[in-house]
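K.L.:
First the structure, which I've put down as structure tokens, then a few questions once you've had a look.
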Amino acid sequence: MSTYLTAAEAAAALGVSVPTLYAYVSRGMLRSAPESAGKRRLYAADEVRRLARRKADGKRAGKVAQKVLDWGVPVLESRITLIAQGRLLYRGRDAIELARTATLEEAAALLWECARACFDDAPDAPIASSAWHTWIKQMRASAPHERALVMLPVAAAQMPRLYASGKPAQLDTAVTVLRVLAAALAAAPLSREPLHRQLAAAWGVSQRRHVDLLRAALVVCADHELNASTFTVRCIASTGMHLVGAVTGGLAALAGPRHCGETMLVTALFHEAQEAGDVDRYVAARLARADVQQRTILPGFGHMLYPNGDPRAAVLLDMLAGHATTRAERQALAQIDSIVRAANDATGLAPTVDFALSALERVLKLPAGAAFSLFALGRAAGWIAHAMEQIEDGRLIRPRARYIGPDESAP
């Protein structure tokens, strides 16, 4: 239920006078409603907040218009995820706190605005187990993202209600997409088991504390506002493409080395640091020879949206430290901690979620590409939420370009 503000409260939130507030209403920029008991007019708080944000964006737009698509002003409105003041919120709920106990299914239900039962009620994926086994066998040697990019479109041909616009049909397709994606990434049979347990079974993870780490990793990856892959998903969905097509496009964008493909660069960083022996000297040498314009000077460190540190990485590394109990796990974690310390001493940067996922892969001895798979499967829940929101919006995303090339008509 919406919260309502008085005229004075709404004007204060907008930083304007009450007469200016009334002018906004007269111009159709804001709506008011009569108080149930009394003569005052009330204003929906969410509408006031939206208008305040638009006003703030407008003030900044003249200076940063050229950076709109590069960490600049917002380009779309969404009710899904908020990143502000070092916090990550899913539909207003703290994602980090959610990750301590929730499953990806529960996070997805929150993002999709449905009951958790949508996973239990959804039918099995309409794909014969024999056909799926054959596809897996043919693709097993491929990287996880390569398997998923091939098998999602193949599976789509077996899904009967791809273009159905009703919410129940969309939810059935959404659940199927997550199950198919999990099986493709892990090269495993299709299953109705909780998604983190599907990955655990495929990767031979049996200890409860390690399974819990996989669960938390999926939840913190579930959404991150309008990143490159999510913007790709929304663009595809805006054309009328079905959810499988939108998720496949997001997966292709995600695999780039400047997005979740960075987990592979972090894995290489771990290996190089171990081979070097002296971590401080290794980090210093890497910084000395790097082009300062390259974001991959130290992959897995420094996030533009979290100047004080990525909270997703913090919670995963904290949980990993608490769950690393064997000698081998503690040794692997000690090396990772030494890289974090050396990087922070040299640059002041904190680890990102890419670093934390790669750390899970290394300490738990997960298969190569597991960090990417955790990111991709978790993020698919958010992609689906954004695709459904864009479909409901109904508008085609079509930005304009500022032309800076030669003009043949010029004298």
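K.L.:
For LEU104, state whether it is at pLDDT 75 or above, out of contact with any helix residue (DSSP H, G or I) (no Cβ under 6 Å at 6 or more places or on another chain) and not assigned by TED's automatic domain parsing to the domain that holds ALA33.
P.N.:
So LEU104 fails the test.
K.L.:
Further question on the same structure: Those residues that are exposed (fewer than 14 other Cβ atoms within 10 Å of the Cβ) and not in a loop (DSSP other than H, G, I, E, B), I need them from region 27-48; list them, please.
P.N.:
ALA33, PRO34, ASP46
K.L.:
If you take the residues of region 335-358 that are in contact with a Gly (Cβ under 8 Å, 6 or more places away or on another chain) and hydroxyl-bearing (Ser, Thr, Tyr), which of them is modelled with the lowest pLDDT?
P.N.:
Among residues in region 335-358 that are in contact with a Gly (Cβ under 8 Å, 6 or more places away or on another chain) and hydroxyl-bearing (Ser, Thr, Tyr), the one modelled with the lowest pLDDT is THR347.
K.L.:
Related question: Of the conditions (1) over 24 Å from the mean Cα position of the chain (by Cα); (2) over 28 Å from LEU76 (Cα atoms), GLU146 clears all except one; give me its number.
P.N.:
(1)
K.L.:
For residues in region 142-158 being modelled with pLDDT under 90 and either acidic (Asp, Glu) or in a loop (DSSP other than H, G, I, E, B) (or both), which is surrounded by the most Cβ atoms within 10 Å (Cβ to Cβ)?
P.N.:
By that ranking, first place goes to GLN158.
K.L.:
Also: Using beta carbons and a limit of 8 Å, which pairs, at least six apart or on different chains, have the first residue in region 204-229 and in contact (Cβ under 8 Å) with a residue 24 or more places away in the chain and on the phi > 0 side of the Ramachandran plot and the second one of a type in the set (Val, Ile, Thr) and part of a loop (DSSP other than H, G, I, E, B)?
P.N.:
Close Cβ pairs satisfying both conditions: GLU225/ILE80.
K.L.:
Within region 380-411, can you find the residues that are within 22 Å of CYS118 (Cα to Cα) and exposed (fewer than 14 other Cβ atoms within 10 Å of the Cβ)?
P.N.:
GLU392 - this is the single residue of region 380-411 that is within 22 Å of CYS118 (Cα to Cα) and exposed (fewer than 14 other Cβ atoms within 10 Å of the Cβ).
K.L.:
Also, quick follow-up: Mind telling me which of the residues LEU377, LEU298 ends up being over 15 Å from the mean Cα position of the chain (by Cα), surrounded by 19 or more Cβ atoms within 10 Å (Cβ to Cβ) and not in a strand (DSSP E or B)? Quick ask: steps written out before the conclusion?
P.N.:
Numbers: LEU377 fails: over 15 Å from the mean Cα position of the chain (by Cα).
None of the other options fit; the residue is LEU298.
K.L.:
Further, regarding this structure: List every residue pair whose Cβ atoms lie under 6 Å apart, where the two residues are 6 or more positions apart in sequence or sit on different chains, the first residue falls within region 322-342 and is under 22 Å from ASP278 (Cβ atoms), and the second residue, located anywhere, is of a type outside the set (Asp, Glu) and at pLDDT 95 or above.
P.N.:
Correct list of pairs: ALA332/ARG362; ALA332/VAL363; LEU333/VAL363; ILE336/ALA359; VAL340/PRO351.
K.L.:
Here's something else I'd like to know. For residues that are of a type in the set (S, T, N, Q) and closer than 23 Å to SER78 by Cβ, scanning just region 1-51, find the one that is modelled with the highest pLDDT.
P.N.:
THR3
K.L.:
Report, by residue number, each residue of region 292-346 that is within 19 Å of PRO257 (Cβ to Cβ) and among the charged types (D, E, K, R).
P.N.:
Correct list: ARG295, ASP310.
K.L.:
Looking for something over 20 Å from the mean Cα position of the chain (by Cα) and closer than 29 Å to VAL177 by Cα - is there at least one such residue anywhere in region 341-362?
P.N.:
Looking only at region 341-362, we keep the residues that are over 20 Å from the mean Cα position of the chain (by Cα), and these are 341-349, 362.
With closer than 29 Å to VAL177 by Cα added as a condition, the list becomes 362.
Yes: region 341-362 contains one or more residues that are over 20 Å from the mean Cα position of the chain (by Cα) and closer than 29 Å to VAL177 by Cα.
The values are calculated or read from the model by the stated rules, or taken from the named source; none is laboratory data. Every value quoted in this text rests on a predicted model; they were computed, and no experiment measured them. Quick reminder, even Gly has a Cβ in these numbers, built from the backbone with ideal geometry, and neighbours come from all protein chains shown.
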